[in-house]
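Q: One structure, pasted below without further comment.
Only the coordinates and a few stated rules stand behind these numbers; no lab work does. Here the structure is a predicted model, which means the values were calculated and not measured. Because the Cβ atoms are built from the backbone with ideal geometry, glycine has one as well, and the counts that use them run over all protein chains shown.
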Amino acid sequence: MKRNILWLLIFTVTFTTSGYAFQAKKKRKGKKTAVQKKAPGQKKDTVMPYTKVITKQAKTDKGLFDVHFVNDKYYYEIPDSLLNREMLMVTRIAKTATGIGFGGGKQNTQVLRWQKKNKQILLRVVAHQIFAADSLPIHEAVVNSNFEPVLYAFPIKAFHKDSIHNATVIDVTNLYKKDVKALGFPAANRKTYKISKLDDARSYIDTIRSYPLNIEARHIKTYNAAEPPSNASTGSISLEMSNSMILLPKTPMKRRYFDQRVGWFARGQVDYGLEAQESKTVRYLDRWRLEVKEEDIAKFNRGELVVPKKQIVYYIDRATPKKWRKYIKQGIEDWQVAFEEAGFKEAIIAKDPPSVEEDPDWSPEDVRYSVVRYLASPIPNANGPHVSDPRSGEILESDINWYHNVMTLLRNWFFVQTAAINPNAQNVAFKDEVMGELIRFVSSHEVGHTLGLPHNMGSSAAYPVESLRDPEFTKKYGTAPSIMDYARFNYVAQPGDGDVALMPKIGIYDKHSIRWGYRPIIDKTAEGEKKTLDQWILKHQNDPMYRFGRQQFGVIDPSSQTEDLGDDAVNASTYGIKNLKRIVPNLIQWTAEDGKNYDDLETMYGQVLAQYNRYMGHVSSNIGGVYEYYKTYDQEGAVYTHVTKENQKRAMKFLQEELFSTPQWLLDNTIFNKIESAGSVERIRNFQSRTLNRLLEHGRMARLIENETLNTNEAYTLLDMMSELRSGLWSELRNGRTIDVYRRNLQRAYVDRMEFLMTKEQPKIPANIRRFVVRTNVNASQSDIRAVVRAELTTLRKDARSAASRTADRMTRYHLLDIAERISNILEPKK
């Protein structure tokens, strides 16, 4: 009897999937055995013969792992040779609901390894944040501090042995069907939309495909959510998630170490094996593996250009409209001139993908192919993410997401920034050749990101403003030394300047950064390269065209701003406003079309306001501004220097004249009576108060205080700014003029902001954007800020009461009495 029970335990198999249990039925002595319940202590899963798991009905996709689909289950067949190999799992949102990010948005990246342990396959998470060479004694301590957590455990279903390889079969259905948080929607987003749990009934696997170097899983996740951003009646959020698992190279690429003086996407690792008397983070570049062929090393050393062992190849999505393909390709191959500085020719090329007939298996999801994907989406954008090996920084692949509506964005920018001097932009429907060149520009910019380059917002400040009006200069240099700046189009050039260049191109800085990051230094280790790399930087250390200025979210350095041009914000913005004043009277004519409503007129008027507001931001950032020029110990001079007193005073004068004195030229009733029933008064108040609030910001005021402390009489002080601001905003109190509705609104905004400064501390930065924001922190209640604000309000109350007693205009008197009462409530709040 015991022998029979043992026999049943060995050959009875229980499968549990989606709440259903199936037991295999076996014949014994010609009779069917009864279906038995699992006995207490019986193992849930038992290894089966391969053909019992992967049956003849299986649909198999061969690749990195063979992926089998059998009876609504997905199985991975993992070769033994790939066990313990490191693989990169990239989790993205493939398709999204309205209001939740964008398709292609990366959500998580982690290194995994598949490990066999007893009768299980463990999927473990590998961390590369800390490191020590395995030849060092400290390596053991690092390993002990870097235990690899188990993400998922899989019972082994079967083994497969043949003449090619040995492999292990596991069921991965629940890895993608259940709520494995590392492979799904991130925790921060779950909190935002108050997600409670995954709804299993509305979640499923769409596809799992295997390619030679990667496996792509697509699965639909439906989460119960209390506050979904769209389709609220469903009480849920549905997304299509993409998990791309990529085999990392056996031998990591040689690193190139990061230097903040040259902008680059980089990653960090704490190296405990260094001689430093502290745990030190080393950072290294994200870059493609561009290497010189062995047979070409002599040529390369002689300075001849060589084709790299493996070129960077971008394929243009089959869905891309034919008329735009050549422009996207040109934008990609424009970078060839930069790679020539690195010693390579034809280092980057663009291709059309093979047709379905030529290669039915070709897919943009195959990690061997980098693709510019053309997406039918209303998102007015394009982006260039990349996937890189965290051990070395090697870029493994990149897919540029090109959203159809980026053309709308390009049209709006080009119109509002160049229409005053450019007949090709004086319409809302551009010729294909014009739009094509704009597409080429964006293509180049996004490809730059995929090569490893971040935005260089300090680039455009290298050019004197007047040079941007010079046809010869702009034809040679473009509008900025780097296409990675947000130096969009030439808003400085004026009518009569001639055939000036209107947009940037691959520039001097771009060639420098590609050379610095990609040029091979033969027979040198990563450490041994540092001296040469430093020399390449020092050679151009005093040339502003070679400067890198980081992107700021919260501008402190006014020379490193987005959307600006030239070395003088006041001068450049003055020219820009002159051009906007030329555009506004022509908006109706340039947007007109018989039988069409006024939507385009409303859009373009909005673009004028947005551009005008940018100019205010460019100028206001000089007040309390601090320049940041990265340097090392072998360079002279300060890294941080305050904007001069003269430039800060010029900035304040500009704001008083161009913004706080009501910009009447923007108030065109022939436009308003076609686009709105009301709103012009509120619109002016809104962007005036926005700039006012930027000026009266805790961090800016703290920098003004510090500037005075460090530089005394050479500084533009907090008292200077506050006095000049009050004097300009309240000039009617001195001359007795009537205060119109626009000025009354602005003055109330001033008092509201002063109340904020008197009663509130510096707002906290939301956790989800904290790492992006640059700002100066200050404790307002323990600084000079409130003392100065109190003094300014006291003076203003006295002046307002006096002016109210003198004015003959009733609305002005009511306004000033109200202002005085508001100030009293701030200074002596009622208990």
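Q: Straight-line reach only, C-alpha to C-alpha below 29 angstrom: list the lysines that LYS524 could link to, leaving out same-chain residues fewer than 8 apart.
A: Counting by Cα, and skipping residues close in sequence, LYS524 has these lysines nearby: LYS250, LYS254, LYS280, LYS293, LYS299, LYS309, LYS310, LYS345, LYS511, LYS539, LYS631.
Q: Under a crude label model (7 Å from the Cα following the beta-carbon direction), how far is SER723 from VAL125 in nanometres?
A: According to this spin-label approximation, the distance is 5.8 nm.
Q: ASP809: net charge of surrounding residues, Cβ under 13 Å, Lys/Arg +1, Asp/Glu -1, itself excluded?
A: +4
Q: Among the lysines, which have Cα under 22 Å from the Cα of LYS197 when same-chain residues fewer than 8 positions away are ignored?
A: Candidates past the 8-residue exclusion: LYS95, LYS106, LYS177, LYS178, LYS181, LYS221.
Q: Further question on the same structure: Whole Å is fine, so just give me how far the alpha carbon centre of the range 532-607 lies from that of the range 787-831.
A: Result: 39 Å between the Cα centres.
Q: Counting other beta carbons within 10 Å of each Cβ, put MET89, MET457 in order, fewest first.
A: With the sparsest Cβ surroundings first, the list reads MET89, MET457.
Q: Order by neighbour count: ARG255, ARG302, fewest other Cβ atoms within 10 Å first, most last.
A: Neighbour counts put them in this order, fewest first: ARG302, ARG255.
Q: Once you put a point 7 Å from the Cα of VAL70 and another 7 Å from the Cα of PHE159, both along the Cβ direction, what distance in nm separates them?
A: For VAL70 paired with PHE159, the spin-label model returns 1.7 nm.
Q: Here is a follow-up. Find, among the trypsin sites (Lys or Arg not before Pro) in the range 399-475, those assigned to loop by DSSP (not H, G, I, E, B) with at most 14 other beta-carbon atoms within 10 angstrom.
A: When the trypsin sites (Lys or Arg not before Pro) of the range 399-475 are filtered for loop state and at most 14 Cβ neighbours within 10 Å, LYS431 remain.
Q: Could I ask something else about it? Ranking THR55, THR776 by Cβ neighbours within 10 Å, fewest first, what do you get?
A: Result, fewest neighbours first: THR55, THR776.
Q: Same structure again: Compute the length gained on full extension between ARG550 and LYS250: take 0.36 nm times their separation in residues and subtract their Cα-Cα distance, giving the result in nm to one decimal.
A: Here the answer is 104.6 nm.
Q: Same structure again: Defining a contact as two alpha carbons under 8 Å apart and six or more residues distant in sequence, what relative contact order in percent does the chain show?
A: 8 percent
Q: Taking every eigenvalue of the Cα gyration tensor of the range 411-485, multiplying by 5 and rooting it, what semi-axes result, largest first, whole Å?
A: Its equivalent ellipsoid spans semi-axes of 22, 19, 10 Å.
Q: Please provide three numbers in whole Å: the alpha-carbon extents of the chain along the principal axes, with the largest listed first.
A: Sorted largest first, the three principal extents are 115, 75, 70 Å.
Q: With no solvent and one point on each alpha carbon, what is the Debye value of log10 I(q)/I(0) for the range 625-732 at q = 0.12, 0.16, 0.20 Å⁻¹?
A: With no solvent term, the Cα-only Debye profile gives -0.57, -0.82, -1.07.
Q: Find how many whole Å separate the alpha carbon centroid of the range 470-519 from the alpha carbon centroid of the range 741-765.
A: With the range 741-765 and the range 470-519 each reduced to a Cα centre, they are spaced 40 Å.
Q: Which of the GluC sites (Glu not before Pro) across the range 596-691 are loop residues per DSSP, with 15 or fewer other Cβ within 10 Å?
A: Of the GluC sites (Glu not before Pro), the ones in loops of the range 596-691 whose Cβ has at most 15 other Cβ atoms within 10 Å are GLU636, GLU676.
Q: Right, another one. Fully extended, how many nm does the chain gain between GLU466 and LYS59 (0.36 nm per residue separation, minus their Cα-Cα distance)?
A: Going from the current span to full extension adds 139.8 nm.
Q: Here is a follow-up. Determine the dipole magnitude for the range 523-605: charges of +1 sit on the beta-carbon of Lys and Arg, -1 on that of Asp and Glu, nothing else is charged, the reference point is the Cα centre, and the result goes in debye to the nearest 20.
A: 320 debye
Q: Once you put a point 7 Å from the Cα of THR641 and another 7 Å from the Cα of ILE769, both along the Cβ direction, what distance in nm separates them?
A: Placing both labels 7 Å along Cα→Cβ, they lie 3.2 nm apart.
Q: Counting alpha carbon pairs within less than 8 Å and at least 6 residues apart, what relative contact order, in whole percent, applies to the range 288-406?
A: RCO, the range 288-406: 25 percent.
Q: Another one. Can you list the residues of the range 431-448 with backbone N under 20 Å from a point 7 Å past the Cα of HIS540, pointing along Cα to Cβ?
A: Label zone hits: 444-448.
Q: Here's a follow-up. Compute the FRET efficiency between ASN777 and THR192 as 1/(1 + (r/R0)^6), taking r as their Cβ-Cβ distance and R0 = 22 Å, and round to the nearest 0.05.
A: It comes out at approximately 0.30.
Q: Let me ask something else about it. To the nearest 0.05, how large is the calculated FRET efficiency for LYS181 and THR281 if R₀ is 25 Å and r is the Cβ-Cβ distance?
A: Calculated value: 0.35.
Q: Using r as the Cβ-Cβ distance of THR712 and ARG690, and R0 as 41 Å, what FRET efficiency do you calculate, to the nearest 0.05?
A: With R0 = 41 Å, the Cβ-Cβ based efficiency is 0.80.
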